[in-house]
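First comes the structure, then the notes that go with it.
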Amino acid sequence: MQKKVTTMPNLKKSSVWHHYTEYTDGRKIVGKCKYCGQTYANNATRMKRHLATLCQRCPERVQDSFKRLLEKSDCSLPMKYLHHTSYEAGSSSQAADFPIVETVNVPLLDLDEGPFSASGSQDVSCEVDRSTSVGSVTSFVGAVSEVDQEKEGDGFVEVMSPRNTPLSISENEDCKQPYKLMCPSYALPSSSQVTHSVIGGQYSGIPATIAQKIHQAEYLTLMSDGWTDEQENSLLNIRFATPEPIYLKTVVTKSSEQTGEYIANLLSEEIERADPFRVQALVTNHANNMHSAWEILKSKYPHLIVFGCLTSGLNSLANSIVHLRSIKTIISDCNEIANVFNNHRLISYTLNRIQKEEQGTEGKLIYEATKCLESLLNSKSRLQYSAVDEKVSQIIPVNICKKILDGNVFWVQVQGVFNLLFPILEAVMKLEEGTPNISSIPDIFRKLNENVMENLPSLTLPKADKDEAKQIFENSCKFCCHPIHLAANLLDPRHSGDNLSEEEFCIALDAIVDVAKNLSSIDEMSVVTDLAEYRAKDKLWSREIIWRAAKTMSPLTWWKGFFKSRQLSRIAVRILTIPSTARSNEQA
């Protein structure tokens, strides 16, 4: 009797073969377990059962996956196994006893994952229950737990957020592809999940973090400023400085509601919540309602040091100077020249060509008026070359052309106004560096005063405008300067109050004593004695190495590191942690 070789339909190969090494022994396909070396004939069910229950070296994750798969399978289906023992590779006697089976096409839902597989070892007479649960390839891949999925979602948002990448990128197929290759069972969060779940989950931990930072801070400075957004909503920002900035909240109000009493109540709530004796200072902008809030809070908290934001004050100073009638006219003429050259194609092309030939650069400053002034001054020669160009001169209005070519009056006025405004901008940029530099404020205003006294007389302005500019500067100094600034300058070892006048030194001394009075376990006379020894560089302050170190480290580190036991150190640290401006904290 002639034997027939068993063949099976062209079926999808079982994924169990990922864990076996496939080779042929004669006409037979044999699988060798990659973990223990056991060999099996082409029988997916037995191979799965081996991994689930018999293999001692199979990884636990793989073993659990196949156990779950076998539990789902309907093992009660009638079937007769053609082999009851493992097929040993190279055994010719077992191969000779292999029975003859007719080729039969068996209707299966999915032989890869059901109770049967494309192994050729099932009885052809068995019937398949189509209701049998069918697995998928993810059953054989390590699943990502909910905890890991959440962590990976947080990581995705942290990577994308600083780059201003739209969160909807997680739904882009090109973005998904690398994740599918690395871990098929991981799914990127959708933009909706990112917005509501991931970001919401991250935000839920922020209040606790803020509370912890406030609790750990030794001293606090409360900062607030009001402004109006693009929708003309009145907003009030409230922050703490430790001195690192800690954002608390933004309150949306109507303009009529932002009275001094209303603002004082809002700020008082934060002071009480943080502990009034730890909140040492309040810094706000220069609005009138803020001044009213100062008086209310100062009467409620006598120890509170209150002063205006330096950046806000200098902004107000620059804007007031720019709006003086004669200076406003000069800046208006500069804007007119800039508009003529920017808005006409031929003129702009000619200017750019000349600029490339001269390889000129344009300065960048933060105020529009000063940007315009500096840009014109840097482009003076190119503008004058353009004004005498045959084609350009026919397009430029006559009055503009005269101003450009007027080197004796117009350009002298532009240079004078720029010299008056530029030091103010330098001071603002120094204050916005982000580090507490309250001690530098007296020196900043001293230099500004010298600049005003030097440049104002040489300006070709009416005497009334000169007098008004001088008065504006004096009023700004009154708003911006506070005794605590002089005290900080005195206690900063880089300055030591060397440039303070006798009157300013006395004001600084009174400010230091006032702070000492509001602190427990501080003796005023001990503080004054320490201050005298500090200025005289006597006793503990007599070592030269200590003063050399002051040039390379922050004043706070200097006081905390060398003089922690001295009572003056507590006063110095308290004062020097106060930010000079709300802007540096806002930007940070």
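Hydrodynamic analysis of region 217-308 uses the Kirkwood radius over alpha carbon pairs. Inserted into Stokes-Einstein at 20 °C and 1.002 mPa s, it gives a translational diffusion coefficient of 162 µm²/s. Computed over the alpha carbons of region 426-514, Rg followed by Dmax gives 14.9, 47 Å. Bridgeable lysines around Lys72 (alpha carbons under 23 Å apart, same-chain partners fewer than 8 residues away excluded): Lys12, Lys13, Lys48, Lys80. Averaging the sequence gap over all C-alpha pairs within less than 8 Å and six or more residues apart, then dividing by the number of residues, gives region 217-308 a relative contact order of 29 percent.
Summing Cβ point charges (Lys, Arg +1; Asp, Glu -1) relative to the Cα centre of region 195-317 gives a dipole of roughly 260 debye. Counting neighbouring beta carbons within 10 Å and listing from fewest to most, the residues Phe66, Phe277, Phe156 come out as Phe277, Phe156, Phe66. Treating each Cα of region 433-588 as an identical point scatterer and summing with the Debye formula, the log10 of I(q)/I(0) at q = 0.20 Å⁻¹ comes to -1.28.
A straight Cα-to-Cα reach below 17 Å connects Lys328 with the lysines Lys371, Lys403, Lys463, Lys466, Lys470, residues fewer than 8 places away in its own chain not being considered. Among Glu230, Glu503, the ranking by other beta carbons within 10 Å of each residue's beta carbon, starting with the fewest, stands as Glu230, Glu503.
Taking Cβ atoms as reference points and 10 Å as the exclusive limit, the residues near Trp411 contribute a net charge of +1, counting Lys and Arg as +1 and Asp and Glu as -1. Straight-distance candidates among the lysines for linking to Lys298, with alpha-carbon spacing under 17 Å and chain neighbours fewer than 8 residues away dropped: Lys517.
None of the figures in this text is laboratory data; all of them are computed from the coordinates on show. Everything numeric in this text was worked out from a predicted model, so none of it was measured. Cβ atoms come from the backbone with ideal geometry, glycine included; neighbour counts cover every protein chain shown.
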